[in-house]
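These notes concern the structure reproduced below.
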Amino acid sequence: MPEQTTVIRPSALLKDKEAHRVLLALEERDVSRGGVWSATAGLWQRYDQAWDGEAGSRGGAQLVGTIGVVYGTPSKYDITIFRATVTEHGAEAGWTVDRLCDDALQFADLTLASCPRTALMSPTADPFHKRD
């Protein structure tokens, strides 16, 4: 089963309180603490097991999928989720984009389906033509 990437449109939006809850939970479950998440600015990675390698390395843990996020947009403490990818290994283990996102969003009592979405802005004028 090949890797699956989904661009989430409109993007999912974690407002400041929900974003804070999710970030705290991912930090508590970080791979450096025996968990299965590695969350950095811009990318949340979910592994199938805790890292068990020498000196805190990945060892036998395999990447299940990644969630692409943007911090501080549209407001300072918000997080926008714009893309998710399930690896071939993750897909073979039964993971889907929804399940991957739901695994992170559960800490804010949300799912990808229930998460608020960003507003799509439609252009009001052609940006390449100067107005008179």
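The values are calculated or read from the model by the stated rules, or taken from the named source; none is laboratory data. On a predicted model such as this, the values are computed, not experimentally measured, just so you know. All Cβ positions, glycine included, derive from the backbone under ideal geometry; neighbour counts span all protein chains shown.
In the stretch 5-29, how many residues are within 14 Å of the chain's Cα centre (by Cα), within 24 Å of Ala93 (Cβ to Cβ) and surrounded by 12 or more Cβ atoms within 10 Å (Cβ to Cβ)?
Of the residues in that region, 7 qualify.
Could you please let me know if Arg58 is at pLDDT below 95, surrounded by fewer than 17 Cβ atoms within 10 Å (Cβ to Cβ) and in contact with a Phe, Trp or Tyr (Cβ under 7 Å, 6 or more places away or on another chain)?
yes
Return a yes/no flag: does the stretch 32-52 have any residue that is farther than 28 Å from Asp16 by Cα and aromatic (Phe, Trp, Tyr).
yes
Restricting to the stretch 62-114, what's the tally of residues that are out of contact with any Gly (no Cβ under 9 Å at 6 or more places or on another chain), of a type in the set (Gly, Ala, Ser) and outside any loop (DSSP other than H, G, I, E, B)?
Count: 2.
Restricting attention to the stretch 37-61, which residues are assigned to a strand (DSSP E or B) and farther than 20 Å from Leu110 by Cβ?
Ser38, Thr40, Tyr47 - these are the residues of the stretch 37-61 that are assigned to a strand (DSSP E or B) and farther than 20 Å from Leu110 by Cβ.
Can you tell me how many residues in the stretch 30-42 are closer than 19 Å to Ala84 by Cα, surrounded by 13 or more Cβ atoms within 10 Å (Cβ to Cβ) and either touching a Cys at 6+ places or on another chain (Cβ under 7 Å) or not charged (D, E, K, R) (or both)?
Matching residues across the stretch 30-42 total 4.
Can you find a residue that is at pLDDT 95 or above, surrounded by 17 or more Cβ atoms within 10 Å (Cβ to Cβ) and under 26 Å from Ser32 (Cβ atoms) anywhere in the stretch 111-130?
No, the conditions are met nowhere in the stretch 111-130.
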